[in-house]
Each structure stands twice: as structure tokens, then as C-alpha cells.
Amino acid sequence: MSRPFAGRFRRSLLGSLLMAGAFFCASLGVSSSLAEPPPQLKTRVFGYIPYWTASKKTWDYRGLTDVALFSVGASDTGSLTSTTFWRSSQARTLIDEAHSRGIHVELAVTNFDPASLHTLLTSPASVDKLVAALAQEALVTQPGDGLSIDFEGLRGADRQPLVDFIRKLRVAMKAKSSRSQLSLATPAVDWSKAYDYAALAAESDALFIMGYGYHWSGSSSPGPGAPLSCGSPWGNICLSKTVAEYLAAVGPAQRHKIILGLPLYGYDYPADSDKVGAKALDSGSAVLYSAARKQVMNRRYEPVSQSPWYVYTDAKGVLHQVWYDDEQSLGKKIDYIVDQQLGGVGLWALGYEDVSFWTLISDKLLLSAPPVPASSLPPLPPASPESPQIEDLPPSLAEAQGCSLGASSRTSARNALMPLGLLLLGVWWRRRLRYN
């Protein structure tokens with residue numbers, strides 16, 4: 001074989017191999033199609049998926065931009081606990097489904113014990129251990145996009161240690177993935193002055209205000225869980241005041257980081273009368289959006305808090321008041337979020353809603369085609385979930401690379417374009433040969 005012919009043959013062979021490689025990767029299903037573009041929404045919509053609703057799939061992904069899978073625990077020694085759900089194939093399926101639609105997935109991390117949090121945050125060794133474990137868990141063990149930190153009941157003395165922890169965690173996350181995102185679940189009312197909103201916003205990507213629980217299961221009087229406006233008879237604590245306090249703290253430059261979390265549930269209280277201001281006779285029990293909104297015949301509306309409620313008498317003759325949120329009340333809160341130019345709408349929790357909620361999201365926020373309705377309504381999940389009493393599963397495989405079927409969203413677009421790029425390069429090479 002002559003040298004010119006040999007060179008020409010090698011170049012021709014290279015072009016053919018490039019084209020073959022394109023078809024080979026395509027045949028393997030490298031991101032068999034490009035990931036769908038992110039939802040065309042007026043604002044961010046961030047919903048939590050707890051493990052006890054993960055199989056329900058009542059949500060419409062086109063009405064979401066972010067989801068957080070709830071949760072793993074953080075111990076006071078810096079170890080992770082309750083990792084079963086996050087490491088499961090079920091979680092991986094949810095991650096892949098979200099990624100295929102351009103939706104970010106965060107791992108929710110919880111600790112609700114003030115003493116445990118103090119021990120954790122004031123121990124440099126425990127903090128370093130937890131930071132390393134969380135960055136690995138959220139971005140490698142599963143191909144997630146970030147973390148949502150939910151540390152509740154924090155003491156005032158731990159205000160600065162929490163900021164220091166978040167700063168260190170974000171650095172470690174960015175070292176793993178420059179595109180990773182970090183959010184925090186923060187209180188509607190910070191009674192202990194333990195959360196430095198301005199500093200936490202500066203060191204994270206979002207503050208998810210838990211805008212619910214203004215009335216809770218232990219309230220002495222039935223009332224709205226998420227009153228939009230303040231006033232008699234509810235006093236001066238409400239969503240609009242909470243948001244005003246956050247905005248005053250973080251300033252205009254951080255406004256876009258404030259996500260206002262809204263409840264997809266309410267509370268059912270045994271009460272001594274059917275009047276506003278009644279006394280609760282016992283603790284309230286959770287009632288979900290999907291169940292409460294069906295009581296349209298008994299529905300009442302309280303105009304100050306802008307909240308629906310209804311009354312019924314149970315089989316034992318005990319009167320109950322049920323306070324909840326439906327399309328009307330949530331619609332007003334979504335309008336408020338848009339009008340205030342906040343960073344987005346938050347939801348606790350996905351799996352509590354029915355298709356009417358996604359019609360509301362479509363009407364209020366979706367800029368493109370309306371979402372497809374959910375096919376059926378799920379059975380009610382437990383009101384007070386407990387940690388699963390099963391052994392942890394082994395960690396899933398790390399994120400696959402190249403032509404793997406398991407590529408995550410961070411590489412899916414690149415991999416989906418790879419066959420086209422190889423094909424075009426092969427065509428160009430063969431045309432080049434024709435004129436040489």
C-alpha cells in the first residue's frame with residue numbers, strides 16, 4: 001500500500017469510524033432524546049417529595065422546577081442516618097424522571113433536635129465529617145443536583161455556627177460540582193433569633209420559608225395554618241409579615257433567593273363551637289388538600305386570613321373545625337409571591353394534592369401548554385410518618401459516564417449531542433477527502 005493511499009485510507013477509515021460511533025452511541029440510547037427544557041413558568045416552583053408519598057406521583061413535573069427528596073438525617077457526630085429512601089431504586093427513578101424534564105433534584109437533610117444541633121455545629125470534627133458525607137451523598141452516591149438543609153429548633157447561640165457550616169458545605173459542594181445548588185428550610189417565625197437570614201441567603205442559593213404552622217396541631221384554638229394577611233382575630237403574625245421581615249433582612253439583592261413555602265394540608269380540630277375563635281378540645285389531626293377540598297358543600301371562607309374552613313360532626317357527636325388551603329386561598333398566595341417578585345413558590349408536600357392543584361399552577365404560572373392531569377387520586381398517606389424500620393440499602397452506583405444509559409442530567413445534553421457531533425464530523429471528514 002503506497003503512503004498517499006495508506007494515508008487516504010486511514011483518513012477515510014477515521015471518517016467511517018466517527019460516523020459509526022455516532023450511530024453506535026445512538027443505538028445504545030445515550031439520552032435517547034434531549035432532556036426536555038425546563039418548565040416555562042413565571043417563577044420557580046420547589047416541592048418536597050417525602051418518602052411516604054414517593055409512590056403516589058400525583059404531581060405534574062411541568063408545574064415544577066425543583067424537587068427535594070425527603071430525607072436523610074444528620075446526627076450530632078456528623079454521620080448520616082435514615083439513608084434508605086435516598087439510596088433506593090425508587091429515588092433513582094424519581095431523579096431520572098425529574099432530570100429528563102430539566103428539573104433539579106436536591107437531597108433534604110434533617111435534624112430537629114436543638115441539643116443535637118448544638119453538639120454538631122460546635123464540633124469542627126463533626127462538621128467536617130458531615131460536610132464530606134453530604135457532598136458525596138447528594139452528588140455522587142445518587143446523581144442529584146444539591147442539598148436542602150432542614151435544621152429546626154436551632155438555639156440562638158448556634159446562629160453563627162449554622163452560617164459557618166453552610167459556608168463550608170457550599171464550598172465542598174462546588175468542589176464536587178460547580179452547578180450544585182444549596183437551599184435551606186427556614187422558619188416562618190424565628191422565635192430564638194437563631195437564623196441569620198441575610199448571611200444564610202448570601203451563603204446559599206435559596207431560603208425556603210416554611211410558611212405554615214401558624215396554627216398547628218397543638219393550637220388552643222382552631223385557625224388557619226397559613227394566613228396570608230394579619231388582623232383580628234388572628235393577631236399580627238401572618239405570611240405577609242413573615243415575608244416583610246425576610247426582605248428587610250436580606251435586602252433587594254437577595255430577594256430572588258426567597259421561596260415562600262405553602263401547605264398542601266391543614267388541620268382537623270375537635271372544637272367547642274362552630275364559630276371562629278372556638279376552643280380546641282384536643283390536638284388537631286392532619287388533613288390533606290386532596291381530601292379537604294372535596295368538602296365544597298360545607299365550605300366556609302374566612303376573609304381576614306383568606307382561608308377556607310368547614311365544620312362537621314363526627315359519629316360520636318363531637319363537632320370539628322377543619323382549616324386548610326384550596327385553589328382559592330393558594331391562588332391568592334401564588335399571586336402574592338409573583339407580585340412581590342420573590343424567588344418562587346414552595347410546596348409541602350407533593351403527594352398531598354390532587355389534579356385541581358396542577359390546574360391552578362397552570363392557570364397562574366405556566367406560560368406554555370397546560371399540564372396533563374394526573375390519572376387518579378392516591379390513597380391518603382399517614383399524617384405522622386415514622387422512619388422506615390428496614391435495613392439501609394447499599395449505595396447505588398456512582399454517576400455513569402460516556403455512552404452509558406445511566407447518565408445524569410448534568411451530562412445528558414452533552415451525551416445526547418455526541419452522536420450528532422460525531423456524525424457531522426464524519427461527514428465533514430469524508431467531504432474533505434473528496435476534494436484533497
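Give me the number: length gained by fully extending residue 368 to residue 332, i.e. 0.36 nm times residue separation minus the C-alpha to C-alpha distance, one decimal in nm.
Difference between extended and current length: 10.8 nm.
Whose amide H sits under 5 Å from the amide H of residue 302, counting only residues 5 or more places off or on another chain, with H placed in the peptide plane?
When sequence neighbours closer than 5 places are left aside, the close amide H contacts are 307, 309.
Which whole-Hz ³J(HN,Hα) couplings does region 68-83 yield from phi under the Karplus relation 6.51 cos²θ - 1.76 cosθ + 1.60, θ = phi - 60°, glycine and proline marked x?
The phi angles translate into 10, 7, 10, 7, 10, x, 10, 7, 6, 9, x, 8, 8, 10, 6, 8 Hz.
Would you work out the relative contact order for region 48-182, in percent, from Cα pairs under 8 angstrom that are 6 or more residues apart?
Details: 218 pairs, mean separation 33.9, N = 135.
After rounding, I find 25 percent.
Picking from 290, 239, 310, whose Cα lies most toward the positive end of the charge dipole for region 217-356 (charges on Cβ: Lys, Arg +1; Asp, Glu -1)?
Going by the charge dipole, the pick is 239.
Considering amide H positions built from the backbone, and no H for Pro or chain starts, which residues 5 or more places from residue 351, or on another chain, come under 5 Å of its amide H?
Sorted by chain and number, the residues that satisfy this are 58, 59.
I'd like the Karplus ³J(HN,Hα) series for region 118-132: coefficients 6.51, -1.76, 1.60, θ = phi - 60°, whole numbers in Hz, and an x wherever there's a Gly or Pro.
So the J values, rounded to whole Hz, are 4, 4, 5, 6, 9, 10, x, 5, 5, 4, 4, 5, 5, 4, 5.
Taking amide hydrogens as modeled 1.01 Å from N in the peptide plane, which residues meet the under 5 Å criterion relative to residue 287, leaving out close sequence neighbours?
For residue 287, the qualifying residues are 266, 267, 268.
Which of 189, 166, 219 sits closest to the plus end of the dipole of region 128-244, meaning its Cα is farthest towards the positive end, when Lys and Arg get +1 and Asp and Glu get -1 on the C-beta?
So the residue we want is 166.
Straight-line reach only, C-alpha to C-alpha below 21 angstrom: list the lysines that residue 129 could link to, leaving out same-chain residues fewer than 8 apart.
Straight-line reach from residue 129, under 21 Å: 168, 174, 176.
Where in region 100-122 is the amide nitrogen less than 17 Å from a point lying 7 Å along the Cα-to-Cβ axis of residue 77?
Counting backbone N atoms under 17 Å from the label point, the list is 116-122.
Give me the distance between the Cα centres of region 39-100 and region 165-236, rounded to whole Å.
18
In what sequence do 176, 56 fall when counting other Cβ within 10 Å, fewest first? Intermediate values should be presented prior to the final figure.
Details: 176 13, 56 20.
With the fewest neighbours first, 176, 56 line up as 176, 56.
Which order results if 72, 127 are arranged by neighbouring Cβ count within 10 Å, fewest first?
If I rank by nearby Cβ atoms, fewest first, I get 127, 72.
Give me the net charge of residue 322's neighbourhood, meaning all other residues with Cβ under 13 Å from the Cβ of residue 322; Lys, Arg count +1, Asp, Glu -1. Provide the component values of the computation, followed by the final result.
Values: positive: 293, 294, 299, 300; negative: 268, 274, 302, 314, 325, 326.
Summing Lys and Arg as +1 and Asp and Glu as -1 gives -2.
If each residue of separation counts as 0.36 nm, what is the full-extension length gain between residue 240 and residue 113 once their alpha-carbon separation is subtracted?
Additional length available on full extension: 42.9 nm.
Output ³J(HN,Hα) for region 47-62: one whole-Hz value per residue in order, computed from phi by the Karplus curve 6.51 cos²θ - 1.76 cosθ + 1.60 with θ = phi - 60°, and x for Gly and Pro.
x, 8, 10, x, 4, 7, 10, 4, 8, 6, 6, 7, 7, 10, 4, 6
Suppose R0 equals 30 Å. What FRET efficiency, 1/(1 + (r/R0)^6) with r the Cβ-Cβ distance, do residue 128 and residue 248 give to the nearest 0.05?
0.30
Label 7 Å along Cα→Cβ of residue 175; region 133-157 residues with amide nitrogen under 13 Å?
What the label zone holds, given the 13 Å backbone N cut-off, is 133-136.
Each reported figure results from applying straightforward, stated rules to the coordinates on display, with no laboratory input. It should be emphasised that the depicted structure is a prediction, and the values quoted were computed from it without experimental measurement. FYI the Cβ positions are ideal-geometry reconstructions off the backbone, even for glycines, and counts take in every protein chain you see.
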